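Quick note: the coordinates plus some simple rules give every number you see, no bench work behind them. A quick note: this is a predicted structure, and the numbers were derived from the prediction, not measured. In this analysis, Cβ positions are derived from the backbone assuming ideal geometry, glycine residues included, and neighbour counts consider all displayed protein chains.
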Amino acid sequence: MLLRGVRRMQCSLRWLLLVLAALGSACNGPTATVDSAAVQRITQHLQALVVLGPRVGETSAAQQATTYITQQLQALQLVPTLVPIGSVELAAIEVMGTRYRAAQQITGTDSSVVVRFGPAASAATPALLFMAHYDSVPGSPGAADNAAAVGVLLELAAHLQTAPPAFPIIIAFTAREEDGLLGAEALLKALGTDIGFAIALDLIGTDGTLTLTGASTYIRQSELRYLASMAATANVTLDAPVPHRIVSRWWPQAERSDHGPFTRHGIRAVQLYHRGHDGDLVDLAYHSRFDVASRISPTRLGEISALLHTFVTAPPPGVGPRANDASDDDAGWWMPALMGRWIAPRRLLLAAAWTLVVTALLLLFANRRVKVEPPPTMFGLAIGVITGLAAIALAYLVERFATYAGAWTLTPRFHIAATLLIIVGTTVALTRAIGRRWRWNGERRFLYAAVGIQLTLTVIALLLDAAELAPLWVGSALLLSTAPRFGRFGWLPVTAAAYPLWFTLDAARLREMVFHQFMPAGTPLALWVGFHVAPFLLGAAFLVRAHRNQQPTTSPLAAFAVPVVAICAVVAGIAGWVLKQPTCSAADFSVRNIACEMTEEKPPP
């Protein structure tokens, strides 16, 4: 029982850290030179597949797609082979105690189309594999998912036919990705010993940033350097968001694209996709009838095509002869968006994080030498905690009765602001009211609590193999620890320490976490906002109490204005929740999640 309880606690902490990992969007970077003729050919392939309609597995449309791909390869004087699905045994998928798929055996007649280039692949000289599935879900033309990627790989095949690679390369157009990665599973069974590194293209062609996901524990520093180097050579911005890498390390069994079976069987594999559309981090047309060819960006097609042309010029680590690299045992820390092509050793990140944890503690306890009059009391801290919990409870009740659970994800910026008004306003009003009757102190303990929360999150991240998150909190803790040394300018480090709020309360990232099911859609916004605002409310309480102790008298105007403003903030926050009603019904939201924003009158951009 104890072991089961520990495992459940670890699962809960992992879920929390994963959601908190909503940070690290790509910066605007270089753009690849677009080959307009190549983009035109890719677009023609795309349109030829989309016109077939939904290419659902085991249908005539899927068979026509197979025929089209085969004919295009034969027109290039290539000799494609078919790898039928046959009978595939699928393992159960379970994440954090929730079973998403039971173990099952499926039989199919669709086939993946495979073509080889360069020397023969073998266990000694494994091949670099590129994959793109040609099927789509029912009701969707499947332009970005995934006809565009098929067109890109057909263009790559034409390039390799005229410029044969010096190492083995395999291109596969896989069947039935949408209902269990069946084509990839069959491909793994047929070609697994020949594959050294696999790259799946999925959700290609929207106007978001090209993004790397699926970087499991098999993708280490040398592989990251290779990927970053190829992107830099192609003059392409390649992002690797922290949440994506964490989920790939923690739950490789949950990978939902064709790289998944290879990762689960110990073969290094990743996925490349374009993250979002029209300024958002998600593509609401995903798996819908709105996924049409007109939404595909020619610039993005040219970008991914240029990157693949770069990949085929140099083998990845482990494919072909190369010198041994002692750093291969280090997982690496992806930093191209910050420092060009540099992949930092992960051990350096770990050492820096632990050093900053110790430094923050030393600075915090060094503040004990600073005399505080009157001395801090636990009563003051208790009052601060109670009022904070009361504020969160009020915000939760307003959210609970104003609308249905999860509706805030449709207008997150507005509701985050409204919730902040309720929590901060209620906290200030209650503490001012209590202060009129009882004198309460505790500024130092407020500071200890604020720093303690941030350091606790840091240590949890380090222990649960999410070290990339450590800078988010340990830097904040370090800034808070220095506040007493700034005297009346202590608001400077406290304000700077609030930088994690820019990431954890970012509306676009929160929507992305919900869209990808990293975060339950029904997560109470009041709890989320209150949890992250708490350290900074405690830091503000430290400043206020320290200032009051130095200047115990308060002007009548300030004594009147502060609670009035706080109460007005609460009223404004409540009014915002009540008046701002979602455009989607509760029933539609429960079925389609945030994709319910798409309607006949307002299709996605």
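What to note about this one:
- C-alpha center-to-center spacing [segment 279-301, segment 512-526] in angstrom: 22 Å
- Using 0.36 nm per residue and subtracting the Cα-Cα separation, the extra length available between residue 120 and residue 459 on full extension is 117.2 nm.
- Applying the Karplus relation 6.51 cos²θ - 1.76 cosθ + 1.60 with θ = phi - 60° to segment 568-574 yields 3J(HN,Hα) values of 4, 5, 5, 4, 5, x, 5 Hz, where x marks Gly and Pro.
- Relative to one another, the C-alpha centroids of segment 561-600 and segment 385-463 are positioned 18 Å apart.
- The H on the amide N of residue 110, modeled in the peptide plane, is under 5 Å from the matching H of 58, 85, each at least 5 residues off or on a different chain.
- Averaged over residues, the count of other Cβ atoms within 10 Å places the peptides 164-177, 232-245, 139-152 in the sequence 139-152, 164-177, 232-245, highest first.
- Protection proxy ranking of 463-475, 178-190, 390-402 - average other beta-carbon atoms within 10 Å, highest first: 178-190, 463-475, 390-402
- When each of 202, 258, 588 is scored by the number of other beta-carbon atoms lying within 10 Å, the sequence from fewest to most is 588, 202, 258.
- Anisotropy class of segment 29-343 from Cα gyration tensor, a/c 1.5 cut: rounded
- Farthest towards the positive end of the charge dipole of segment 29-343, among the residues 175, 118, 159, is the Cα of 118, using unit charges on the Cβ of Lys, Arg, Asp and Glu.
- Amide H contacts of residue 405: none lie under 5 Å away among residues 5 or more positions distant or on a separate chain (H built 1.01 Å from N in the peptide plane; Pro and chain starts excluded).
- Rounded to the nearest 0.05, the FRET efficiency derived from the C-beta distance between residue 40 and residue 67 at R0 = 22 Å is 0.45.
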